[in-house]
Amino acid sequence: MRYNLFLQRKNMLHSVTTEQYESLLDQLATHGYAILPHFIPNSLVRQLAQRAKSLQRAGVLRDASVGKHILLNTAIRGDSTYWLDENSPHVAEHDYFTLMNSVKNQINRALYLGLDTLESHFALYPIGSFYKTHLDQFQTDIYKHDDLRKLSCIIYLNEDWHPDDGGELRVYSDFERGQFVDISPAGGTLVAFLSEQFYHEVLPAKRERLSLTGWFKTRANTLL
Ligand code: OGA
Ligand code: MN
């Protein structure tokens, strides 16, 4: 098995296999979305989960129902979020951005999506909370000068997640026909989909649920 190494620290090696990258590209090219269990190395999943937990303890997570641009309400989403800084000195955050940069390069090389910047947040869903069906690309006029979200990439950070725990991500493969796939938020799973095409929702869970979502954007002026 060949490894596509992206990081090597003193005693720690985070790596994603070439097969995993190929599967990501194949699935995206065929369906517009991709589901990859065990994509993120366990060592990195653990470090990112610890980081999110310590941010929670420090009280810096913010109620996501008050969005960046618009007031939502808790009937739509009940998670709390923390926006990551690409220049953070924190090792796990830095490793996450390094990994996502290699994901970006692979996708741009194979699929010409023109992915540019990445914005990311940790999201913590308390027991029973959810995020109702939505698209990640804002549709209204007031956003048209914003950079556009092109690809949504969600990484799950939940150790020992059991199917009975719920909290699935429901991605509608065909929204009009009511066809969907449910993905259990097990630690290490990566889900990626074209932001403007796929409606999705987060179902309530019996456990606290942790995710790290990143959106690759394209530059607005290439599309306007
Ligand atoms: C989002 C989102 C899904 C998840 O933050 O826009 O859809 O599983 N998150 O956390
Ligand atoms: Mn979403």
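Every number in this text was worked out from the coordinates using simple rules, so none of it is lab data. As the structure is a computational prediction, the values presented were derived from the model and not from experiment. Ideal geometry is used to build each Cβ from the backbone, glycine not excepted, and the neighbour counts take in all protein chains shown.
Relative to the Cα centre, what is the charge dipole magnitude of the stretch 2-217, using +1 at the beta carbon of each Lys and Arg, -1 at the beta carbon of each Asp and Glu, and rounding to the nearest 20 debye?
480 debye
In terms of modelled amide H atoms, which long-range or inter-chain residues lie less than 5 Å from the amide H of residue 196?
none
Determine, for the stretch 2-217, the count of lysine pairs separated by eight or more sequence positions (or lying on different chains) whose alpha-carbon distance falls under 28 Å.
Taking the Cα cut-off of 28 Å, the pair count is 23.
Is the shape of the stretch 2-217 best called rounded, prolate or oblate, per the rule: a/c under 1.5 gives rounded, else a/b larger than b/c gives prolate, else oblate, with a ≥ b ≥ c the square roots of the Cα gyration tensor eigenvalues?
Rounded, since a/c falls under 1.5.
Quick one: if the Förster radius is 30 Å, what FRET efficiency do residue 90 and residue 30 give, using the C-beta to C-beta distance and rounding to 0.05?
0.25
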